[in-house]
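Working notes, beginning with the structure itself.
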Amino acid sequence: MGRVGATMTTAKILVVDDNAIGRELLRDTIELDGEYEVLTASSGEEALRLAERERPNLIILDLHMPRMDGYQTTSELRSRPGTRDIPIIALTASRVGREDRRRAFESGCQDYLEKPVPRHLLLSKLRQHLHLRHHQ
């Protein structure tokens, strides 16, 4: 179960971004910490399939993707019994405005980050939301 060398306490993070470079940068940044197993998806549809199958502990989700955007993906995750309680951190390009932030929270995201995300802030948010979920 999990990757080789993963412990039972290793949290599984799903990173969803249609931009391959952005997705890989996030994965590498998170994996450098050594505490997380990172799964990646390049679309909302792929995220839904992976979330159902893998049941990640947390999802980092780009809001602006073709076909199924992050808002639709979040709403769909929230409607499914197996994924409705997974914390979701919305991710978007900086300077997009308060409307994105409002819509992210309305669709069911727990938090919101702007790209590029400083490493210390990203890891802090992961720990915060994983700790909150663990204690609910």
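FYI, it's all coordinate maths here, none of it is from the lab. Please read these numbers as outputs of a predicted model, since none were measured by experiment.
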Taking N as its residue count, the alpha carbon Rg of the range 11-134 over 2.2 N^0.38 Å: 0.93
Extension reserve of the residue 20-residue 32 stretch, reckoned as 0.36 nm per residue once the Cα distance is removed: 2.5 nm
Potential extension, residue 45-residue 105 segment - 0.36 nm per residue separation minus Cα distance: 19.6 nm
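Helix-only mean residue ellipticity at 222 nm, the chain, DSSP H runs n ≥ 4 weighted -39,500 (n - 2.57), per residue, nearest 500. What is it?
Working: 5 runs with 60 residues, N = 136.
Value at 222 nm, helices only: -13500 deg cm²/dmol.
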